[in-house]
1. Out of all the residues in region 25-51, which are modelled with pLDDT of 75 or more and of a type in the set (Gly, Ala, Ser)?
2. Considering only residues of region 39-54 that are in contact (Cβ under 8 Å) with a residue 60 or more places away in the chain, assigned to a loop (DSSP other than H, G, I, E, B) and small (Gly, Ala, Ser), which is least open to solvent (accessible area, probe 1.4 Å)?
Amino acid sequence: MTITEADIAELADLLDKGRDAWINGHPPGEDQNSRLMQAADATIFGPLGGVAPKGTAPRVRPDIQRKMATRFGGGSGSTDVVRAIVEGDLVVVVYVDRSTVRFDGNDVETPWMLRTTEVFRKQAGGWVRIHRHADPLVHYCDLDATRRLLD
């Protein structure tokens, strides 16, 4: 299946819509008619950190995502695609998700920026998310500060 620039533009638009849904409390999977689906065995390295036990894939847990989404109370944002890498029917998208979000019933929007890399498979009817890695390390940290994160 050939992936075109128009396909990449569609995917970027779907990422924008997905971010908007998230920051308004609606995690993926709620819209069954979406052109962006999540693989049943999708893996994730989420923005809150942590790793799965050795030998265990870090699977997306829709129940955890729904619970986390309840803490997001609205906001706005943009998706800045840094690079899209195409190989066959796979696309790796590297982007910065720049949002401001109201959390936990607070009326004040606070920054929620994530460095994100996602892997998608193009299939008839849309895209399937296979893997997502997002982290909030958008500001430079020197080595010592980064090492302290691991304590």
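The values are calculated or read from the model by the stated rules, or taken from the named source; none is laboratory data. Keep in mind that what you see is a predicted model, and the values were worked out from it rather than measured. FYI the Cβ positions are ideal-geometry reconstructions off the backbone, even for glycines, and counts take in every protein chain you see. To get the accessible areas, we keep the full protein, side chains included, count just its heavy atoms, and leave off ligands, DNA and RNA. Shrake-Rupley method; radii C 1.70, N 1.55, O 1.52, S 1.80 Å.
1. 25, 34, 39, 40, 42, 46, 49, 50
2. This residue is 46.
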